[in-house]
Amino acid sequence: MKNNLSNIKKAIKYLNKNQCVGIPTETVYGLAANAYSSVATAKIFKLKKRPKQNPLIVHYFNLKMLKKDCEINELFLKLYRRYSPGPISYILKLKKNSLISKNVTNKKKTLAVRFPSHPTTRNLLKKLNYPLAAPSANISTKISPVSKKDVKDEFGKKISLILDGGQSKIGVESTIVNLVDKPQILRLGGLPKEEIKKYLNLKINYDKKSKFKSPGQSKTHYSPHIKLRLNIKNPNQNEAFILIRKRKKLNTNYFYLSKNNNLKEAAKNLYKTLRSIKKNKFKSIAVEKIPNEGFGEVINDRLKRASNFK
Ligand code: TXA
Ligand code: MG
């Protein structure tokens, strides 16, 4: 399906009727609904089987729309001007008179917001007079989708429309930065944390154990629901083996995220590869050691959570 104007018009029609629509973003695909509507946002939780206490990220077209719902500060503006639209989400203070549905925030006084850069979704957001709540379009705890087909695999006919935006260019979720109180990184993601630190020249850390951490960062997540082992040199027979460097041997159970240790490329291919291992019915996955730097740190974070599946 091409995203000509008529598909975007269709999406608007469904969204206006409080329905959910699959949308492409540069990080992963989202399951979108009108963030001002309790009817629409309740459907997201139901479709995803998502615990009600896990709040949603809201997607905006621009600052003007955001200012209706959130208090903004200097640090936010600095990051916004540099990195948005792009793979970063901000936690901001929710305005008292904001129309955001209580379902979205789980009655919190903060809101996670993001400005996706994918042209199809920007085009859609521009034409709406409400922002879109959109968590990753997967059943809770499973692998995030990076193509229209992945979203279809998750929800089948339960959703009426998925906009096609090709494969997500980044392939892992946005980096989440808390800008309420002490700035902190709550989730590693598509914008490497070193880059944010360097740009701000600020001590802004990733605090895994913070009380304020994202409720959705549960121990088991991003999982193909197959046993997964990390830092493996030699896989067992019949075990899928995930690699980032090319080996001399050619084996049918080898799955390359990259052939030359390119960690950005590896992150882009991560979820796609986990999905295809699942489709090939492997019962167990081994992963070779991945350097814990830049995108490698993000890949390790996701695989560590996936490895908690028992
Ligand atoms: O790249 C992304 O961010 C994708 C695309 C679709 O935009 N969205 C995404 O949404 O990853 P989701 O719902 O799968 O992850 C959002 C995370 C969850 O871990 C949630 O707990 C956290 O953001 N979150 C939402 N609101 C929050 C808040 N007010 N304070 C702290 N964490 C929050
Ligand atoms: Mg998610």
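Numbers for the structure displayed
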read-out	value
Exclusive hit being modelled with pLDDT of 95 or more, closer than 15 Å to residue 21 by Cβ, open to solvent by 30 Å² or more (accessible area, probe 1.4 Å) and over 17 Å from the mean Cα position of the chain (by Cα), set 158, 148	158
All positions within the range 255-283 that are loosely packed, with under 15 Cβ neighbours inside 10 Å and not in a helix (DSSP H, G or I)	259, 260, 280, 281, 283
Qualifying positions in the range 138-190 - more than 28 Å from residue 293 (Cα to Cα) and either within 11 Å of ligand 1 (Cβ to nearest atom) or part of a loop (DSSP other than H, G, I, E, B) (or both)	139, 151, 159, 160, 163, 164, 165
Residue match in the range 215-227 (condition: within 16 Å of ligand 2 (Cβ to nearest atom) and at pLDDT 90 or above)	no
Residues located in the range 33-55, provided they are within 22 Å of residue 13 (Cβ to Cβ) and in contact with a Pro (Cβ under 9 Å, 6 or more places away or on another chain)	34, 35, 36, 44
Unmet criterion (only one of (1) under 16 Å from residue 173 (Cα atoms); (2) modelled with pLDDT of 95 or more) for residue 304	(2)
Residue that is farthest from residue 34 (Cα to Cα) [pool: residues in the range 65-87 that are surrounded by fewer than 16 Cβ atoms within 10 Å (Cβ to Cβ) and of a type in the set (A, V, I, L, M, F, W, C)]	75
The one condition in (1) within 14 Å of ligand 2 (Cβ to nearest atom); (2) open to solvent by less than 60 Å² (accessible area, probe 1.4 Å) that residue 163 fails to fulfil	(1)
Matching option when the condition is over 16 Å from residue 131 (Cα atoms), among the polar types (S, T, N, Q) and out of contact with any Ser or Thr (no Cβ under 6 Å at 6 or more places or on another chain), among 54, 34, 16	54
Selection within the range 166-185 - under 17 Å from the mean Cα position of the chain (by Cα) and either open to solvent by 10 Å² or more (accessible area, probe 1.4 Å) or closer than 28 Å to residue 12 by Cα (or both)	166, 167, 168, 169, 170, 171, 172, 173, 174, 175, 176
Residue tally, condition of a type outside the set (Lys, Arg), in a loop (DSSP other than H, G, I, E, B) and within 14 Å of ligand 2 (Cβ to nearest atom), over the range 26-79	7
Of all residues making up the range 284-299, the number that are assigned to a helix (DSSP H, G or I) and more than 22 Å from residue 150 (Cβ to Cβ)	2
Of all residues making up the range 81-102, the number that are within 18 Å of the chain's Cα centre (by Cα) and farther than 28 Å from residue 52 by Cβ	4
Complete set of residues in the range 225-254 that are open to solvent by 40 Å² or more (accessible area, probe 1.4 Å) and aliphatic (A, V, I, L, M)	230, 250
Only listed residue being near ligand 1 (Cβ under 9 Å from one of its atoms) and assigned by TED's automatic domain parsing to the domain that holds residue 85, chosen from 114, 122	114
Residue check, residue 219 surrounded by 15 or more Cβ atoms within 10 Å (Cβ to Cβ) and within 18 Å of the chain's Cα centre (by Cα)	no
Cβ-Cβ under 7 Å pairs, at least 6 apart or on other chains, the range 223-247 side part of a loop (DSSP other than H, G, I, E, B), far side exposed (fewer than 12 other Cβ atoms within 10 Å of the Cβ) and of a type in the set (D, E, K, R)	226/283
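The values are calculated or read from the model by the stated rules, or taken from the named source; none is laboratory data. Owing to the predicted nature of the structure, the values given are computational and were not obtained by experimental measurement. All Cβ positions, glycine included, derive from the backbone under ideal geometry; neighbour counts span all protein chains shown. Keep in mind that these areas ignore ligands, DNA and RNA; they rest on the heavy atoms of the full protein, side chains included. Shrake-Rupley method; radii C 1.70, N 1.55, O 1.52, S 1.80 Å.
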